[in-house]
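K.L.:
Input: one structure, supplied below.
Just so it is clear, none of the values below were taken in a lab; they were calculated from the coordinates. Everything numeric here is computed off the predicted structure, so don't read it as measured data. Because the Cβ atoms are built from the backbone with ideal geometry, glycine has one as well, and the counts that use them run over all protein chains shown.
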Amino acid sequence: MASTWATYQFSVADITGFKVGAGVRYVGSGTDETGTLDLPSVTLFDAMLAYENAKWKFALNSNNITDKTYITTCGARGDCWLGSRGSVVGSLTYKF
């Protein structure tokens, strides 16, 4: 497994506090618990957009932005579980 994440802060019309970010997650291939079923590797992409000032932080985070379908693990009985679908989560934080 390997991952990387980068962010960039910038201003818009002399207003500071904006930030964008992007990341890549790689999970290598594997097998099920019995070693008979091969699980392929997967590469997933994430992104973030945020604005922060002295009291507030607004953020949008997106995981698996391409909504890639992938298998995370398989048990010995042959049941397999899919990874998380693409999602976007908004958050609002107040600092006091």
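K.L.:
Can you compute the FRET efficiency between residue 11 and residue 73 using 1/(1 + (r/R0)^6), with r the Cβ-Cβ distance and R0 = 35 Å? Round to the nearest 0.05. List each step's numbers first, then the result.
P.N.:
On the way: r = 44 Å, r/R0 = 1.26.
About 0.20, to the nearest 0.05.
K.L.:
Sequence gap at least 6, Cα distance under 8 Å: using those rules, report the relative contact order of the chain to the nearest whole percent. Intermediate values should be presented prior to the final figure.
P.N.:
Values: 207 pairs, mean separation 21.1, N = 96.
Computed value for the chain: 22 percent relative contact order.
K.L.:
For residue 17, what residues show an amide H to amide H distance below 5 Å, using hydrogens built from the backbone and excluding near sequence neighbours?
P.N.:
The list, which skips near neighbours in sequence, is 10.
K.L.:
Which residue, 41, 29, 11, has the most motion in a Gaussian network model of the chain that connects Cα atoms within less than 10 Å?
P.N.:
11
K.L.:
Going by how many other beta carbons lie within 10 Å of each one, how would you line up 32, 79, 14, 67, fewest first?
P.N.:
Listing 32, 79, 14, 67 from fewest to most nearby Cβ atoms yields 14, 79, 67, 32.
K.L.:
Compute the signed sum of charges (Lys and Arg +1, Asp and Glu -1) over the other residues within less than 13 Å, Cβ to Cβ, of residue 57. Spell out each step's value before the answer.
P.N.:
Values: positive: 19, 55, 95; negative: 52.
Value of the local net charge: +2.
K.L.:
What fraction, in whole percent, of alpha-carbon pairs in the chain exceed 21 Å separation?
P.N.:
Details: 2229 of 4560 pairs.
For the chain, the fraction of Cα-Cα distances above 21 Å is 49 percent.
K.L.:
As a footprinting exposure proxy, order 49, 92, 44 by other Cβ within 10 Å, with the fewest listed first.
P.N.:
92, 49, 44
K.L.:
I need 80, 74 ordered by Cβ neighbour count within 10 Å, fewest first.
P.N.:
In order of increasing Cβ crowding within 10 Å: 80, 74.
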